[in-house]
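Chemist: Before I ask anything, let me first share the structure, which is written out below as structure tokens.
Bear in mind these aren't lab numbers, they're just calculated from the coordinates by the rules spelled out. A quick note: this is a predicted structure, and the numbers were derived from the prediction, not measured. Neighbour counts are summed over all protein chains in view; Cβ atoms, including those assigned to glycine, are modelled from backbone coordinates with ideal geometry.
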Amino acid sequence: MTDTFARPRTRRRRPGPVRAVLGTAAAAAVLAGGLAAAPAATAITGSSCSAGYVGLTFDDGPTSGTTNQIISTLRQYGATATVFPTGQNAQNNASLMQAYKNAGLQIGNHSWDHPHLVQQSQSQVQSQLSRTQQAIQQTAGVTPTVFRPPYGEINGTVSSVASSLGLRVVTWDVDSNDWNNASAASIRQAATRLTNGQTILMHDWPSATVQALPGILQDLRSRNLCTGHISSSTGRVVAPAGGGTTTPPPTTPTTPPPTGGGSGSCTATATKTQEWGDRFNVTYNVSAPGSWSVTVYPNSGQSIQSAWGATRNGTTFTGSGSSSFGVTYYKGSQNLSWTPTGICSPR
């Protein structure tokens, strides 16, 4: 993951993604899968979980004034989340760390004070991660097993140190852009892109995120999605320990349909164009005499960030005549660069 955009460190008095997971060790017990023995998180009230589990993640906490509001809203909806506090914030806010744990939230590692770890030596990275492990253990009684690097920056040194500490590096599938002054409405809209197994990047401190959270949880309930925790073995979101027994089917195919683009007079050819650390663009060239619809098939873990050149409804695009449209895909927590197929059908 090489997400290089600079994040404004608004309210960085305690510094504020790739593949990691939750903390776990409640007072004296550690459950299988690494979840703290806090009260088990339940499914979002009113949701069947038939569409799967998604991860709400909050970086940079805990924060006085917003942490308790987030926890209160999650409790109200019977939901859970994964938090990535910095070690410095954890040390300075022991009571809020206990509040995280008592709410049954998954707790991960987000470094000591949010530096650019890729610019540091191995010993410095070791200090950043190990000190944070200790601070979280001391304040919440939980030993994290997942790690989200600041700014999503990762290299061989960071990966090696994280692995030596039993930490899986994790990133996100959807970026809410709350760190960039996104509105509550925009943050809520971003969460509608979540599908089974995916995570959304949010932060503990923006007031707009606090405002957006009730609507996000309502939207998930309407789509029969439940909140879960990140699996330390796969990096994907699963039902929290004790939080449900449903094992829903994936909402996107693990093995997408074969290439070919359609049949008869309606075909769509997919070509990857630009590619960056966490995302890439695909152009779909459609050949059709009349109106058409093209359904694209991101692999499990991939998600659509944006699109242009056609009318979009979920993963289906509509237009007419021979033309083209483009889609930007997030690679997801498994860093998948597979080019999603487009299947064309006449309308």
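Chemist: Along Cα→Cβ, 7 Å out, is where each label goes; now give me the distance between the ones at Ser322 and Ser164 in nm to one decimal.
Modeler: My value for the distance between the label points is 5.9 nm.
Chemist: Using 0.36 nm per residue, how much length does the chain from Thr311 to Gln122 gain when fully extended, once their Cα-Cα distance is taken away?
Modeler: On the way: separation 189, 0.36 × 189 = 68.04 nm, distance 4.83 nm.
Separation in residues times 0.36 nm, less the Cα-Cα distance, equals 63.2 nm.
Chemist: Counting only C-alpha contacts under 8 Å and six or more residues apart, can you give the relative contact order of segment 88-168 as a whole percent? Walk me through the numbers before you get to the answer.
Modeler: Values: 103 pairs, mean separation 30.0, N = 81.
It comes to 37 percent, rounded to a whole number.
Chemist: Based on the Cα gyration tensor of segment 143-218, what are the three equivalent ellipsoid semi-axes, each the root of five times an eigenvalue, rounded to whole Å and given largest first? Working shown, then result.
Modeler: Details: eigenvalues 151, 33, 23 Å².
After diagonalising the Cα gyration tensor, the semi-axes are 27, 13, 11 Å.
Chemist: Hey, another quick one. Using a cut-off of 11 Å between beta-carbons, work out the net charge of the residues near Phe280 (Lys and Arg +1, Asp and Glu -1, Phe280 not included).
Modeler: On the way: positive: Lys272, Arg279, Lys331; negative: Glu275, Asp278.
Neighbour charge sum, excluding Phe280 itself: +1.
Chemist: Right, another one. Quick check on packing: order 171-180, 53-62 by the mean number of other C-beta atoms within 10 Å, highest mean leading.
Modeler: Working: 171-180: 23.4, 53-62: 27.4.
The packing order, highest mean first, is 53-62, 171-180.
Chemist: Please give the net charge around Cys49, taking every other residue with its beta carbon less than 12 angstrom from that of Cys49, where Lys and Arg add +1 and Asp and Glu add -1. Could the numbers behind the result be given before it?
Modeler: On the way: positive: Arg221, Arg223; negative: none.
Surrounding charge for Cys49 is +2.
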